[in-house]
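Engineer: Let me give you the structure first, and then I'll get to my questions.
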Amino acid sequence: MNPLKWWQTAVFYQIYPRSFADGNGDGIGDFKGIIEKLDYLADLGVDALWLSPHFPSPNWDCGYDISDYCNVAPEYGTLDDFKLFLDESHKRNIRVILDLVLNHTSDEHEWFVESKSSRDNPKADWYVWLDSPRFEGEGSGVRVPPNNWQSCFDGDAWTYAPERDQYYYHYFMKQQPDLNWHNPKVKEAMWDAIRFWLDLGVDGYRLDALGTIYEDPKLTPHNVPMNLAELRRFSDLAKTPKELKLKDKYWHDMFKNQWAQGGLHELMKELRAILDQYDGDRMLVGEDDNIDYMGNGEDELHLVFNFPLMQTERITPAHIRKNQTERLKQLESLHLGNKWPCNTLGNHDCSRIHTRYGDKLHDAELARLHAALALTMKGTPFLYNGEEIGMTDYLLTDISQVKDTMGSWYYHTIVTEMGVHPEEAMIRTAEMTRDKNRTPMQWSRNSNAGFSAEGVTTWLPVNPNYKDGINVKDQLQSSYSLLNYYKHLLTVRKNSPALVHGEYIPVHNAAKDYFAFLRVTEEQKVLVILNFSNERLEFDFSRVKEIKSHTLQPLFSSADHSKKEQNLKTLATNPFEVFIAEVTSVHA
Ligand code: NOJ
């Protein structure tokens, strides 16, 4: 077997910089704050950081609308602060990958400002511009966009610019115009920006929304009988299986011509070739679940996320098994070397794991099962800041608090255009906006959860449950806390080669209440049992061919920390227990 690359053995941790740690007391996270927490991250046991965008931005999309690709947002610090952060991370053997937003820039980026200024400026063709001479009715003066495409965030995907008497296209907000990737100059400029950070020593990139980079050149309209706001509202109210199915179909059909179009593989190859010119195994992970973007295994992205694992209401043993079978089979079909999976259960775009996969009765137990799942499945795990202390969604109650502009757009649209009562609109908005899962990290039970100093108004409200033990400091002091559980699991993983790179062999595949599997290398065999039920379960693994006539040396148990050697025939787990054991030969 080829020696493993760092990104295959690493556990990644996503930092959402605005909400991680406020070092200068302005209510917004920054590099000073992150640097102060690097020892915490080293102690937690993570090996690499994915930093959500840290570039200057007017923040229409919380940093995913970049106005300068080669600088640092002033609220986060300076370029020197970034360099210090990178250096301090590396000193602790923690790698750093950045967020790479290729599809669009901010409308305040100088490229767009120039492009918009006239039809014949040097950057006129850097964005996706189209004429639309059509009007709603003769003499009405109301213009009609080039087609009915929708932005996934704020209504029409086309915005009229009087300076050019043309429309520009935006898959996301109107403040996020799409770049024209058919223009070689755009590529050159973006590749320069990428080199800028690679030259500084960053270890790779997470590629934002890569599927949106190209559009159907024929501009084929969608055929969904509603616009974005109506579809969101339809989705909010959908209840019956028929409505739920239709909702999924509509979402797919509305955007299918704006996604995954030709040209992406060639582009990913170009990008990969740039990274490969650098030493140190720089890596790319795509915000996409399509394994095709790994190319032949060596010429496109190193990793893509296993999003299907998290696209479910509940994580059940049957769901995990099906997901793993399908995913690993697809990966096997890659021709060359790298077939490495990449698993995650949460990020800054979705409801927090603790809330989303909880059942409101056993949330704490389920959170432990989910953590164990992410850290024992085959592949590179990505954790999201705050999950290690069990941070939960925090629903805002007042529209003036909402920072995620797709949320405020939705609120105002359904109130003004659909007549939805503001109270109901606020409830829907709080649930759909991503603010709920981006609240400040909870460091202690001091005011503002120790994220900002006392008396500071934080950019998003702090979830008050930091007072109930959902904070780092309290959890560090309690040996049974979720945080210490994560730390323990991370250590077990690090010390067990089979958990890092062993083959995955599911066992007892018909079991409804538990998920059991082996991870196997030449040197080690590990059995993992995740008891998803509220019952004590007894097992007999003695007939599993890979391990029969063996015995079990416990490596980890979420229930009984003193477990001694176990017999395959008479094994038992407590309700919701996570049990991990090395399989050793009886006479070893
Ligand atoms: C995906 C990012 O994760 C999300 O936060 C952002 O809004 C969109 N891409 C647009 O960049």
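Engineer: Give the cross-link partners of residue 187 among the lysines, using a straight C-alpha distance below 26 Å as the criterion and excluding same-chain residues fewer than 8 apart.
Structural biologist: Straight-line reach from residue 187, under 26 Å: 83, 116, 123, 174, 218, 256, 269.
Engineer: Relative to the longest principal Cα axis of the chain, at what angle does helix 184-200 sit, 0 to 90 degrees, rounded to 10?
Structural biologist: 40 degrees
Engineer: Would you count, across region 500-584, every pair of lysines whose alpha carbons are under 17 angstrom apart, provided the pair is eight or more residues apart or spans two chains?
Structural biologist: Total qualifying Lys-Lys pairs in region 500-584 comes to 4.
Engineer: Which loop-located trypsin sites (Lys or Arg not before Pro) does region 119-165 contain, where loop means any DSSP state but H, G, I, E or B and the Cβ has at most 10 other Cβ atoms within 10 Å?
Structural biologist: Filter output for region 119-165: 134.
Engineer: Go through region 6-17 residue by residue and turn each phi into a ³J(HN,Hα) via Karplus (6.51, -1.76, 1.60, θ = phi - 60°); whole Hz please, and just put x for glycine and proline.
Structural biologist: For region 6-17, the Karplus curve yields 4, 6, 8, 8, 6, 9, 8, 9, 8, 9, 9, x Hz.
Engineer: Could you give the angle, 0 to 90 degrees to the nearest 10, between helix 241-255's Cα long axis and the longest principal axis of the Cα atoms of the chain?
Structural biologist: Compared with the principal axis, the helix lies near 50 degrees.
Engineer: Right, here's the next one. Compute the distance from the alpha-carbon center of region 207-283 to that of region 542-576, in whole Å.
Structural biologist: 44 Å
Engineer: Over the chain, what relative contact order in percent results from Cα pairs under 8 Å that are six or more residues apart?
Structural biologist: This gives 12 percent for the chain.
Engineer: Please name which of 15, 320, 260 has its Cα lying farthest along the dipole of the chain towards the positive end, using unit charges on Cβ (Lys, Arg +1; Asp, Glu -1) and the Cα centre as origin.
Structural biologist: 320
Engineer: Please list, in chain and number order, the residues 5+ apart from residue 283 or on another chain whose amide H is under 5 Å from its amide H, with Hs placed from the backbone.
Structural biologist: Correct list: 204, 205.
Engineer: Same structure, new question: Regarding region 110-169, what are the three Cα extents along the principal axes, ordered largest first, in Å?
Structural biologist: 35, 28, 12
Engineer: What is region 500-584's relative contact order, in percent, from Cα pairs under 8 angstrom and six or more apart in sequence?
Structural biologist: 31 percent
Engineer: If you don't mind, another one. At q = 0.11 Å⁻¹, what log₁₀ I(q)/I(0) does a Debye calculation on the Cα points of region 274-408 give, no solvent, two decimals?
Structural biologist: -0.49
Engineer: Among DSSP beta bridges lying fully in the chain, give the percent that are antiparallel, nearest 5.
Structural biologist: 60 percent
Engineer: For residue 14, what residues show an amide H to amide H distance below 5 Å, using hydrogens built from the backbone and excluding near sequence neighbours?
Structural biologist: 50, 383, 384, 385
Engineer: Choose one of 485, 504, 457: the residue whose Cα lies farthest towards the positive end of the charge dipole of the chain (beta-carbon charges +1 Lys, Arg; -1 Asp, Glu; about the Cα centre).
Structural biologist: The residue sitting farthest along the positive end of the dipole is 504.
Engineer: May I ask for the net charge around residue 527, where only other residues with Cβ less than 9 Å from the Cβ of residue 527 are counted and Lys, Arg are +1 while Asp, Glu are -1?
Structural biologist: +1
Engineer: Magnitude of the Cβ-charge dipole of the chain, K/R +1 and D/E -1, about the Cα centre, nearest 20 debye?
Structural biologist: About 2140 debye.
Engineer: List, in order, the whole-Hz ³J(HN,Hα) value for each residue of region 78-89 obtained from phi through the Karplus relation with A = 6.51, B = -1.76, C = 1.60 and θ = phi - 60°; use x for Gly and Pro.
Structural biologist: Here the 3J(HN,Hα) series is 10, 4, 5, 4, 4, 4, 5, 4, 5, 5, 5, 5 Hz.
Engineer: Around residue 569, under 12 Å between beta carbons, what's the net of Lys plus Arg minus Asp minus Glu among the other residues?
Structural biologist: Surrounding charge for residue 569 is 0.
Engineer: Mind listing which GluC sites (Glu not before Pro) in region 124-222 are in a DSSP loop and have 13 or fewer other Cβ atoms within 10 Å?
Structural biologist: Sparse-neighbourhood loop GluC sites (Glu not before Pro): 136, 138, 163.
Engineer: Here is a further query. Could you derive backbone 3J(HN,Hα) for region 67-75 from the dihedral phi with the Karplus parameters 6.51, -1.76 and 1.60 (θ = phi - 60°), listing whole Hz in sequence and x where the residue is Gly or Pro?
Structural biologist: Result, ordered by residue: 9, 7, 7, 10, 8, 10, 4, x, 5 Hz.
Engineer: Still on this model: Could you work out how far apart the two model spin labels at residue 299 and residue 332 are, taking each label as a point 7 Å from the Cα in the direction of the beta carbon, and quote it in nm?
Structural biologist: Inter-label distance under the simple model: 2.5 nm.
Engineer: Return the whole-Å distance between the Cα centroid of region 292-337 and the Cα centroid of region 48-104.
Structural biologist: After rounding, the separation between the Cα centres reads 28 Å.
Engineer: To continue, here is another question. Mind listing which GluC sites (Glu not before Pro) in region 290-397 are in a DSSP loop and have 12 or fewer other Cβ atoms within 10 Å?
Structural biologist: In loop regions of region 290-397 (DSSP not H, G, I, E or B), the sparsely surrounded GluC sites (Glu not before Pro) are 313.
Engineer: To make sure I understand the rule: partners must be aspartates and glutamates, Cα under 17 Å from the Cα of residue 32, and not fewer than 8 residues away in the same chain. Which ones qualify?
Structural biologist: Correct list for residue 32: 22, 75, 80, 81, 87, 88.
Engineer: Another question, then. For region 219-338, what is the Kirkwood hydrodynamic radius in Å, using each pair of distinct C-alpha atoms?
Structural biologist: About 17.1 Å, per the Kirkwood formula over Cα pairs.
Engineer: Tally Lys/Arg at +1 and Asp/Glu at -1 over every other residue whose Cβ is under 11 Å from the Cβ of residue 157; what's the total?
Structural biologist: Charge balance near residue 157 sits at -3.
Engineer: Could you work out what % of the accessible surface of the chain is carbon and sulfur, using a 1.4 angstrom probe and leaving DNA, RNA and ligands out of the count?
Structural biologist: Carbon with sulfur: 50 percent of the solvent-accessible area.
Engineer: Over all distinct alpha-carbon pairs, what is the Kirkwood Rh of the chain in angstrom?
Structural biologist: It is 25.5 Å.
Engineer: Quick check of the Kirkwood formula: for region 500-584, what is the inverse mean of 1/r over all pairs of different Cα atoms, in Å?
Structural biologist: It is 12.8 Å.
Engineer: Amide H of residue 105 versus every other amide H placed in the peptide plane: which residues, excluding those fewer than 5 positions away on the same chain, fall under 5 Å?
Structural biologist: 179
The values are calculated or read from the model by the stated rules, or taken from the named source; none is laboratory data. The shown structure was predicted, so the numbers you read here are calculated from the model rather than taken from an experiment. Note that each Cβ is placed from the backbone with ideal geometry, even for glycine, and that neighbours are counted across all protein chains shown. With ligands, DNA and RNA removed, areas are computed over all heavy atoms of the protein, side chains included. Shrake-Rupley method; radii C 1.70, N 1.55, O 1.52, S 1.80 Å.
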